[in-house]
Structures are given as C-alpha cells and as structure tokens.
Amino acid sequence: MNNKMSPSVSPRFFSEKEVSKHCTKDSCWVLLGTRVYDVTGFLRMHPGGEALILRRSGKDVSREIEGPPHRHSENARRWMEQYYIGELDRDSIDEDTETLRQRKKIPESTTEEEEETSAINKCSKVNEETDLVDWRKPLAWQVGYLREKYDTWVHQPVDRPIRLFENDFFEANTKTSWYMVPIVWMPLVIYLSWYCYALLAQERTRLFITSDYSILVHKYSFPFIFMLGVFLWSFIEYCIHRFVFHMRPPAHNYYLITLHFLLHGQHHKSPFDGSRLVFPPSLAAIAIGAFYLILRQLLSEGLGTSLFVGGLCGYVVYDMIHYYLHYGSPRRGSYLYGLKAYHVKHHFEHQRAGFGITTTFWDYPFNTTMPEQTF
C-alpha cells in the first residue's frame, strides 16, 4: 500500500501505539517531532545502513537528524519529506486505534485500484504545479531552458524515476541493468588477458626508452602492467567525474546544459534510479574504443593492450562499486561502508567535492576531499 501523500491532501493522524507497530524491514516508520514518515523504501539506500534506522523505528529521530555525529544536509531533509505520511495525534496516545480512525475519518483500507498506483506516484513528492519542469513530459529537452536555475535545480535530488525521451527506443537505450556490465565486458577482459600473456610470452615486445635503447617486456610482468592499468583507470575515473560530469555548463547555453543532464545531471537529480547507475554498454563502447586506439598509437601491441585490459577491468569494478554504493548495505566499518557514506555526501551535501568512486586517493592530491563537519 502506498501511504505517501500529495501536498494537497489533508494529513492523516496516527497514534503513538500505531506508529510503534511499524518497526520491521517490511514496514518502518519514524517520527520527526510530530511528523510521521514511512521510510521503508529508504532502508537499503541509507548510507549508514538499514540497521541504524531500524533501531530507531517508531521513535523520534530529531536528535539523529541534527547530530552529532552527523548533521544531515538540507538536501537530506528535503529528501525525507518525500516519505511524509501524516501527523502524530498526541491526544490519542491511550485511545484505541480503531476509534482514532473513525474520529479522524481515516479509511481502514483502500481499494485495489488505489493500491495499484504508478511507479512515479509511489516515489515522488515533486509538486508538479510549481516545479521548474513538467514531470509529465520527457525532461531531456526541458532542462536547457532552466538557464541559471539549472545548477541549483539539478542538485536538489528526488526519489522518483526520470523519463528522458518520448521515443521508447531511445528511452530504453538510456537504461541498463547492473549485471549487463560484467556480462558484456568481463569475457573481453578474460580473452584479452590470455591474449596479452601469450603475446608477451613470445618475447618480442619491447619498451623503448629512447630510439636506441629498449628493454624486453617479459610475460611475468603482465600482472604488474595489468594492475598499472587498473590504477590509471582510477585517475581517468576521477578526471571524467570531476571535469566532464561536473562541468558547469554556461547558463545561456541550452545544448551544453542538455548534454550535462544526459551525461550526469539526471543521476544527481534522481540518484536512486537503479536503471541508470551504470553505463549502457553501447555508449561505453565508444569511450572504451577511443582509449584503446590512443594506447595502441602510443605503445606497442603487447604493452598497450596489457595496459588497456587492466583499465577495462578497472572500469567494470568502478561500475559495480558505484551501483553497490547506492543500493548495497556494506558492513559497518568496512572499506565499502566508508565509500558509501563518502559518495552519498557527494550527492546530498558536497557536489563539488568527493569525486572518487572506487577510491578517494585522487581527491587528496587535487584537494577535493569532503570538508570535515563541525558542530
């Protein structure tokens, strides 16, 4: 059943006894003062893990929202409002829940038609009358008209799907299930790894230091070249995320704003859209092919391809980690737990910092680490 309310609907009222009953993964409610929120759908997304919310289910979380240890951002508070379902009726603490329903005229149940609401209504609390875009139409060709308002609008995340194109074929090609990335690219990684090792085993691959001096690249050096490719990918990942995905398109340029939204802006606007957390293989193939051609021009076949296959494996790991940071529940204190918290802060608090996904390493030399929070 979908309890989320539209802005025009009068608030429902719940007794404390009723709120306290919703304390499981299947139905988790919390209080913020007297406001009641159904955060069941947010459990998996919470950067601190679902256990932190479940321990506070049915209770007031005002202190946790304000911190310490973590003060939640304005975007996080705005996000929470999407799960608002009603108010706490403090006068009815000791009243029977059924009596409360009758007095407040809250229906016991809804019809099947009401339950089968669309996916957009289930996860949206966007006010379609006042928002800067028309959510009932594809967004790709609208965002360019936001001009100077685009940057602020795109960094106010919502929990609802986005339709980019009217054409079903184009729309479908912007969505990819996470498992398609390893299915498409890992066979190529495995084949090229074998191919490179066999090529280096022929002992004809040399690295030229100068035109007159070169060294033999032995087959046993392949794992080290492969790992160097993975490391180089982490740098490319950082640069693409910072300088391409987070470019600031000029307010007067409709086409650059549209391009930015298609590349990355739509992900910041709807960060938990599971169908757009990894790159479609058809689009990724263009960039991957370009990197391969560059390496082949600069290096010999054995060396360039060995470096390339390491980078390709790094890309697959990047896409898998990115998906997991949005939907996974890593163990508290683990490396991925820290990455998840770091990345969610990037979405909700510091969009101009924290560009590392698989590692935060490159944020340090380029001074783009997350600011320390103070109270």
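For this structure, a couple of remarks:
- Computed from point charges on the beta carbon alone (+1 for Lys and Arg, -1 for Asp and Glu), the dipole magnitude for region 168-348 about its Cα centre is near 500 Debye.
- Part-to-part distance (alpha-carbon centres) for region 212-264 and region 294-367, which is given in Å: 10
- Coil-residue trypsin sites (Lys or Arg not before Pro) of region 150-211, DSSP, other Cβ within 10 Å capped at 13: ARG204
- Sum of side-chain charges, SER270 neighbourhood, beta-carbon under 11 Å (Lys, Arg +1; Asp, Glu -1): +2
- Summed residue charge, Cβ within 12 Å of TRP141's Cβ, Lys/Arg positive, Asp/Glu negative: 0
- Those trypsin sites (Lys or Arg not before Pro) in region 339-375 that DSSP places in a loop and that have at most 16 other beta carbons within 10 Å: ARG352
The numbers here are math on the coordinates, done by the rules we state, and not lab data. Small disclaimer: the values here were computed from a predicted structure and weren't measured. Backbone-built Cβ (ideal geometry, glycine too); neighbour counts: all protein chains shown.
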